[in-house]
2 protein chains.
Amino acid sequence: MPVISLEDVRAAAARIDGVAKRTPVLTSRTLDERTRRSVYVKAECFQRGGAFKFRGAYNKIASLPPEVRKRGVLAYSSGNHAQAVAIAARLLGTTATIVMPEDAPAAKLEATRGYGAEVVSYDRWTEDRHAIGRRLAEERGAELVPPYDDPLVMAGQGTTALELLEDAPAIDVLVVPVGGGGLIAGCATVAKARRPGIRVIGVEPEAGDDTRRSLAAGARVRIDVPRTIADGLQAAEPGESTFAVNRELVDEIVTVTDAEILDAMAFLFDRMKLVTEPSGAVGVAALLAGRVPGGETGVVISGGNVGVARFAELLGGR
Amino acid sequence: MPVISLEDVRAAAARIDGVAKRTPVLTSRTLDERTRRSVYVKAECFQRGGAFKFRGAYNKIASLPPEVRKRGVLAYSSGNHAQAVAIAARLLGTTATIVMPEDAPAAKLEATRGYGAEVVSYDRWTEDRHAIGRRLAEERGAELVPPYDDPLVMAGQGTTALELLEDAPAIDVLVVPVGGGGLIAGCATVAKARRPGIRVIGVEPEAGDDTRRSLAAGARVRIDVPRTIADGLQAAEPGESTFAVNRELVDEIVTVTDAEILDAMAFLFDRMKLVTEPSGAVGVAALLAGRVPGGETGVVISGGNVGVARFAELLGGR
């Protein structure tokens, strides 16, 4: 019995319809020439909150029984999941508490508060965020929205592939960034159900290849927190549910270096006019580095949350 | 008898169908909140060659009689028009000669040559590009493709508004960047024919307000070549044909400062994940500066050709 099915993703699609954006699928002749194939780029940088995360967060919160939902929701995140939960909670008429390290970038704290969430900060060197989260959840009766290891979150993320396959129905290869594995679990569920012969390729930063190692070992492997510019892909270990899906459905994991990620960000900026965060660009990085098997290819740009200053710092010297 | 009609734009749309990109129309709740209206952003940064210019160049070259077209085409431009003519010529099986100043950015020379054009450079301080162009046109029998002052070029640019009105049929206001006036002439022709009550607002850089002055004077006014970061809008005088259209159909010209353009570029990067060149961002700059009358609004982002290094130089200090 699989953790999630195509039907779960279809149900998620119905829930997010008219609320999440239907993001465009873009093409580039230069990208096609460089990678010797037709490539369809699903641009989740245009999603609400700037990343695919809104899909899963909204699907989860919309699925809570009303009496649970009204007590509020809770998430730990300093990144895109925080903003996604904050936006989804507001849209669904409930409150969000986001537990964030006190040294999180001011812009992210601002953005999360700007979406109406309460931010509870903690000292990441002396305090345990899980303990804080559990205490807050108990005190407030708030429901935890996990960033990936949850069937409703995975099903929500899978709507990305549902839309991509509607716009590019003949793809032979699907390339998806891998952090905790929620996006690829949802997308692989859709892709393998709709096109059984498709190859699903995950991409991890070279330093953060916990899912690659786990698939090789046949069991979840924990690594040190990876040092990479792809801050959204710093998971040290695959999720339990996500790994249960991905071990069945993901064909291969390839890795990219930080330098390759920067090349891809510059390519996407210069040639496709897309703003991508490092984590968002890993799929295109793998394609440009020649690491993805051939055939008509769909690739997910997972997010675009990189500020102007950070972007200039990363790429200004080129 | 108007210079161009809706029918000319429809004919252009049929010519470019399947060749030009149908660029997406994007929305942003933050932009709506900041401007207190619904805004539909037509993102021509995703057009072939990175700007709307391909529409007009292709329409012009595709309309040449075969015996004329086969002798090749010629353009003067150091910017987006050069690349557009080069791409369109190659697609239509002819040769393009582009006359560019020898101190044009190396990246632009490269890109234009990369599209298969022959670049003839000249010293802009001692040589007259028109004389060079005339001589080359005579020697080669090549046909000049003007950047804006041509009915077929204007009609091609008008397809931008045709698509925008299909995706956002209820707009009350249309905001368009103004350089030589070709884009707004084509767009205004469509907008006024399809929605007679619509207000068409042009946007110029404050230092380059030749069309604003010309409309006020009722005749074309020539100004000094403007100093502005919006290098695509440095026309010193409106075109003859474009002005004939725009004096009838444009309701108002508003201006924006370079600082306002930079604010808009940063906003578009941070909040909408769009790469825009300074000229491309003037419409959103005018909206954010509160200079556009209210009502549901369509705005054209005319292009995204700004390199990573230039972008970082302009905005890295933020």
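The values are calculated or read from the model by the stated rules, or taken from the named source; none is laboratory data. The model shown is predicted, which means the values in this text are computed figures rather than measured ones. Ideal geometry is used to build each Cβ from the backbone, glycine not excepted, and the neighbour counts take in all protein chains shown. Note: areas computed on protein heavy atoms with side chains; ligands, DNA, RNA excluded. Shrake-Rupley method; radii C 1.70, N 1.55, O 1.52, S 1.80 Å.
Step by step: first the residues of the stretch B:20-59, then only those that are open to solvent by 30 Å² or more (accessible area, probe 1.4 Å), touching a helix residue (DSSP H, G or I) at 6+ places or on another chain (Cβ under 6 Å) and β-branched (V, I, T), then the one that is farthest from B:S78 (Cα to Cα). Which residue is that?
Checked the stretch B:20-59; the qualifying residue farthest from B:S78 (Cα to Cα) is B:T30.
Can you confirm whether A:S77 is in contact (Cβ under 8 Å) with a residue 24 or more places away in the chain, open to solvent by 40 Å² or more (accessible area, probe 1.4 Å) and away from every other protein chain (no Cβ under 14 Å)?
Here the answer is no, as A:S77 does not meet what is asked.
Looking at (1) open to solvent by 50 Å² or more (accessible area, probe 1.4 Å); (2) in the same structural domain as B:A230 (by TED's automatic domain parsing); (3) not hydroxyl-bearing (S, T, Y), which one does B:V173 not meet, given that it meets all the others?
(1)
Of everything in the stretch B:83-139 that's in a loop (DSSP other than H, G, I, E, B) and aromatic (F, W, Y), which residue is modelled with the highest pLDDT?
B:Y115
Does the stretch B:189-201 hold any residues that are out of contact with any Gly (no Cβ under 8 Å at 6 or more places or on another chain) and within 13 Å of B:E248 (Cα to Cα), and which are they?
Correct list: B:A191, B:K192, B:A193, B:P196, B:V200, B:I201.
Out of (1) over 26 Å from B:L6 (Cα atoms); (2) open to solvent by less than 20 Å² (accessible area, probe 1.4 Å); (3) β-branched (V, I, T), the odd one out for B:V225 is which?
Going through (1) over 26 Å from B:L6 (Cα atoms); (2) open to solvent by less than 20 Å² (accessible area, probe 1.4 Å); (3) β-branched (V, I, T) one by one, B:V225 breaks only (2).
Has the stretch B:286-308 got at least one residue that is among the charged types (D, E, K, R), open to solvent by less than 10 Å² (accessible area, probe 1.4 Å) and in contact (Cβ under 8 Å) with a residue 24 or more places away in the chain?
Checked against the condition, which is being among the charged types (D, E, K, R), open to solvent by less than 10 Å² (accessible area, probe 1.4 Å) and in contact (Cβ under 8 Å) with a residue 24 or more places away in the chain, the stretch B:286-308 yields no hits at all.
Of all residues in the stretch B:189-213, which are within 16 Å of B:E296 (Cβ to Cβ), touching a helix residue (DSSP H, G or I) at 6+ places or on another chain (Cβ under 7 Å) and of a type outside the set (D, E, K, R)?
B:A191, B:I198, B:V200, listed by residue number.
Six or more apart or on different chains, Cβ atoms under 8 Å: show the pairs whose first residue is in the stretch B:97-113 and under 20 Å from B:G72 (Cβ atoms) and whose second is in a loop (DSSP other than H, G, I, E, B) and not polar (S, T, N, Q).
B:T97/B:G72; B:T97/B:A117; B:T97/B:A142; B:I98/B:A117
Among the residues of the stretch A:239-254, write down those that are under 25 Å from A:D172 (Cβ atoms) and open to solvent by 30 Å² or more (accessible area, probe 1.4 Å).
A:R247, A:E248, A:L249, A:D251, A:E252
Of the conditions (1) open to solvent by less than 20 Å² (accessible area, probe 1.4 Å); (2) touching a residue at least 60 places away in the same chain (Cβ under 8 Å), B:G232 fails just one. Which one is it?
With respect to (1) open to solvent by less than 20 Å² (accessible area, probe 1.4 Å); (2) touching a residue at least 60 places away in the same chain (Cβ under 8 Å), B:G232 is out only on (1).
For B:K273, which of the numbered conditions (1) basic (K, R); (2) without any contact (Cβ under 8 Å) to a residue 24 or more places away in the chain; (3) open to solvent by 30 Å² or more (accessible area, probe 1.4 Å) fails to hold?
It fails just one condition, (3).
Looking at the structure I just gave you, is B:R220 surrounded by fewer than 18 Cβ atoms within 10 Å (Cβ to Cβ), in the same structural domain as B:V25 (by TED's automatic domain parsing) and modelled with pLDDT of 95 or more?
no
Go through the stretch A:235-318 and tell me which helices (runs of 4 or more DSSP H), entirely inside it, have 3 or more residues that are basic (K, R), under 19 Å from A:I201 (Cβ atoms) and more than 9 Å from chain B (Cβ to nearest Cβ).
So the answer is none; nothing clears 3.
Just the residues that are part of a helix (DSSP H, G or I), in contact (Cβ under 8 Å) with a residue 60 or more places away in the chain and open to solvent by 30 Å² or more (accessible area, probe 1.4 Å), please, taken from the stretch A:140-167.
Result: A:R140, A:P151, A:L152, A:D167.
Could we say that B:A281 is surrounded by fewer than 23 Cβ atoms within 10 Å (Cβ to Cβ) and in the same structural domain as B:P169 (by TED's automatic domain parsing) here?
Here the answer is no, as B:A281 does not meet what is asked.
Name the single residue, out of those in the stretch B:222-242 being touching a Phe, Trp or Tyr at 6+ places or on another chain (Cβ under 9 Å) and of a type in the set (S, T, Y), that is farthest from B:G179 (Cα to Cα).
Among them, the one singled out is B:S241.
Please count how many residues of the stretch B:251-289 are within 20 Å of B:S214 (Cβ to Cβ) and under 16 Å from the mean Cα position of the chain (by Cα).
4
Determine which member of the set A:T94, A:T160, A:T126 is in contact with a strand residue (DSSP E or B) (Cβ under 8 Å, 6 or more places away or on another chain), not small (G, A, S) and not assigned by TED's automatic domain parsing to the domain that holds A:T297.
Checking each option against the conditions leaves just A:T94.
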